[in-house]
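One structure is given here, and the rest of the page talks about it.
The values are calculated or read from the model by the stated rules, or taken from the named source; none is laboratory data. Just so it is clear, the model here is predicted, and its values are computed rather than measured. Reconstructed Cβ throughout: ideal geometry from the backbone, glycine too, with neighbour counts over all protein chains shown.
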C-alpha cells in the first residue's frame with residue numbers, strides 16, 4: 001500500500017513539472033528575432049562582404065553581394081546585446097554598432113571603406129546633407145553660418161535651425177554662430193543616416209577657453225618678416241654652441257592673450273639646453289601680438305613659432321666673368337699679335353740677319369760664281385813693288401798657291417765683251433795694298 005502510494009506521488013510530480021516547463025520552453029523558442037541589416041555606400045551602391053559580430057558571442061555573419069546581412073537571434077529580457085560591423089579588410093576595428101532590439105530588426109547603414117573615400121576624393125563627388133543647429137538646451141539657432149571650407153559654399157540656418165548644403169570628402173564642414181564655439185563636423189556623420197537631419201549642438205563661448213585655431217589667427221605686428229627681423233636683432237648665439245658648430249631649430253608654443261600679451265611659452269621641439277634657454281627668453285621678451293579673432297570675437301589662441309640657430313659663414317668670392325666688349329677683343333688681339341711678334345723675333349734670332357746696305361754692300365757675303373776669278377795679270381806685281389825676306393810674313397809657297405784649274409779661265413770667243421764688274425771688297429783691299437791698279 002505504501003509502495004503504490006509512493007508511485008502515484010512520483011507520477012503526479014513528474015506530470016506537474018512537465019506541464020510547468022513545456023509552456024516556458026515554447027515561449028522561449030518563440031522569442032528569436034530575425035534581423036536584416038543592409039550596408040550601403042554613400043552613393044547608394046551595396047557594400048558587399050561586411051562582417052557582423054555579436055558582443056560576447058563567437059558567431060559571425062557576412063553580407064551578400066547586395067550588402068544584406070540576415071541572421072536570427074534570441075532576445076534576452078534581462079540583458080541587451082549589441083552587434084558590431086567590420087570591413088572585411090580590417091576585422092579588429094568596428095565601424096558601426098547597434099543594439100539588438102526587436103523593434104529595430106531592420107536597419108540600413110551607409111558606410112564607406114577607405115578605398116571608397118579615396119575614390120570620392122579623387123572624383124570630387126558631392127553629396128547633399130541636411131542638419132539642425134541647436135543650443136545645449138535644444139533651442140534652434142537662427143542665422144548660424146554653415147560653410148564648406150575651401151570651396152566658398154555656405155548657407156545660414158532658417159528660423160528652426162535647419163540647413164541644407166552640398167558637401168564632399170575633401171573639405172570639412174564648419175558651423176559658426178554668435179557667442180558659440182565653432183564646430184567642425186565630418187561628412188560621414190551626416191551620411192550615416194541620410195534620411196533624417198543630423199543635429200549639431202553648439203556650446204557657448206568661454207572667456208577662459210584657449211583656441212587651437214581661430215578664424216583670424218594671432219599675428220606679430222608687421223607680419224612674419226618683421227618677426228624674423230626681431231629674432232636677428234635679439235637672438236644671441238650661445239658661445240659654446242657656436243664653437244661646437246651646433247645648428248638647428250627650436251620650436252616654441254605659447255598663448256596669445258586677448259590683450260596680445262605672450263604667456264605660457266613651452267618648448268615643443270628641443271635642440272640644446274643653452275639654445276633652448278636663449279630661444280625661450282627671446283620669445284618672452286617679444287612685443288605684444290595682434291590677438292586672434294573668431295567670428296568677430298577676440299579670443300585666446302595658441303601659436304607656435306620656429307626659432308632658428310644658424311652660423312653665418314662668409315660666402316666664397318667668385319671671379320667676375322670678363323665682358324666680351326670691343327675693347328677686350330682688341331686687347332686680346334693685341335696680346336695675340338704681340339705673342340706672335342715675339343715668336344717671330346725668336347725665330348729670326350736663329351736666322352742670319354741681313355747687313356745694313358750702307359755698311360757692307362749687298363754682295364759682300366753673296367759671292368757670284370765669277371767673283372773669285374782673277375785675270376791672269378790680276379796678281380802680277382812689279383819686281384820692285386815690295387821686297388820681302390824669306391822669313392818675313394810670307395806664308396809657305398803652297399799655302400797661297402791656288403790650283404791651276406781654279407784660276408785658269410778658258411777664253412770664250414762667242415761671248416760678248418764683259419764690262420768691268422765691281423770687285424769684291426777683299427780683292428780691292430789686296431789690290432790697294434799691293435798697289436795694283438785696274439786697267
- Note on the structure: Given the conditions (1) under 30 Å from residue 175 (Cα atoms); (2) surrounded by fewer than 16 Cβ atoms within 10 Å (Cβ to Cβ); (3) in contact with a helix residue (DSSP H, G or I) (Cβ under 7 Å, 6 or more places away or on another chain), every one holds for residue 210 apart from (3)
- Message: Testing residue 188 on (1) outside any loop (DSSP other than H, G, I, E, B); (2) touching a residue at least 40 places away in the same chain (Cβ under 8 Å); (3) touching a strand residue (DSSP E or B) at 6+ places or on another chain (Cβ under 7 Å); (4) within 24 Å of residue 116 (Cβ to Cβ), one condition comes back false. Which one is that?
- Response: (3)
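Across the stretch 172-188, which residue is modelled with the lowest pLDDT among those that are more than 19 Å from residue 150 (Cβ to Cβ) and exposed (fewer than 14 other Cβ atoms within 10 Å of the Cβ)?
179
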- Taking the stretch 240-273 as the region of interest, how many residues are in contact with a helix residue (DSSP H, G or I) (Cβ under 6 Å, 6 or more places away or on another chain) and surrounded by fewer than 16 Cβ atoms within 10 Å (Cβ to Cβ)? 1
- Task: Give the stretch 110-153 a look and list any residue that's in contact with a strand residue (DSSP E or B) (Cβ under 9 Å, 6 or more places away or on another chain) and either at positive phi or part of a helix (DSSP H, G or I) (or both), or say none.
- Result: 114, 120, 121, 124, 138, 143
- Query: Would a scan of the stretch 224-234 turn up a residue that is part of a loop (DSSP other than H, G, I, E, B) and outside the structural domain of residue 177 (by TED's automatic domain parsing)?
  - Reply: no
